[in-house]
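Handing you a structure now.
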């Protein structure tokens, strides 16, 4: 199975850092964590070709839509997954939106084509 790069962007989110730790235990996933500034996700940099981008929606504040749009423009093939500890789930942006609450569901979304 080809390794899929998962990029986790966080500002101070313990949730995102915990998810990174859990996903590092999964075979076939290459997890890269990057801390972002208060302005939200910046361009991710050269050499990264994420299959999935995970971020904590609470880190985004009122700029969630712009942040997701920017990430999708920079990485059009990537799935953008917004985690939220407050809303009991996660949102996946690509061609659809889905809510999931278990680690297995998150891994399934990352691995799906």
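The values are calculated or read from the model by the stated rules, or taken from the named source; none is laboratory data. Computed from a predicted structure; not experimentally measured. Glycine also receives a Cβ, built like all others from the backbone with ideal geometry; neighbour counts cover every protein chain displayed.
Out of the residues in segment 7-18 that are in contact with a strand residue (DSSP E or B) (Cβ under 6 Å, 6 or more places away or on another chain) and farther than 11 Å from residue 34 by Cα, which is surrounded by the most Cβ atoms within 10 Å (Cβ to Cβ)?
Among those that are in contact with a strand residue (DSSP E or B) (Cβ under 6 Å, 6 or more places away or on another chain) and farther than 11 Å from residue 34 by Cα, it is 13.
Tally time: how many residues in segment 17-53 are under 12 Å from the mean Cα position of the chain (by Cα) and at pLDDT 80 or above?
Counting residues in segment 17-53 that are under 12 Å from the mean Cα position of the chain (by Cα) and at pLDDT 80 or above gives 12.
List the residue pairs whose Cβ atoms are under 9 Å apart, where the first residue sits in segment 8-19 and is at positive phi and touching a residue at least 40 places away in the same chain (Cβ under 8 Å), the second is in a strand (DSSP E or B) and surrounded by fewer than 19 Cβ atoms within 10 Å (Cβ to Cβ), and the two are 6 or more positions apart or on different chains.
Close Cβ pairs satisfying both conditions: none exist.
Of the numbered conditions (1) modelled with pLDDT under 75; (2) touching a strand residue (DSSP E or B) at 6+ places or on another chain (Cβ under 8 Å); (3) surrounded by 15 or more Cβ atoms within 10 Å (Cβ to Cβ), residue 66 fails exactly one; give the number of that condition.
With respect to (1) modelled with pLDDT under 75; (2) touching a strand residue (DSSP E or B) at 6+ places or on another chain (Cβ under 8 Å); (3) surrounded by 15 or more Cβ atoms within 10 Å (Cβ to Cβ), residue 66 is out only on (3).
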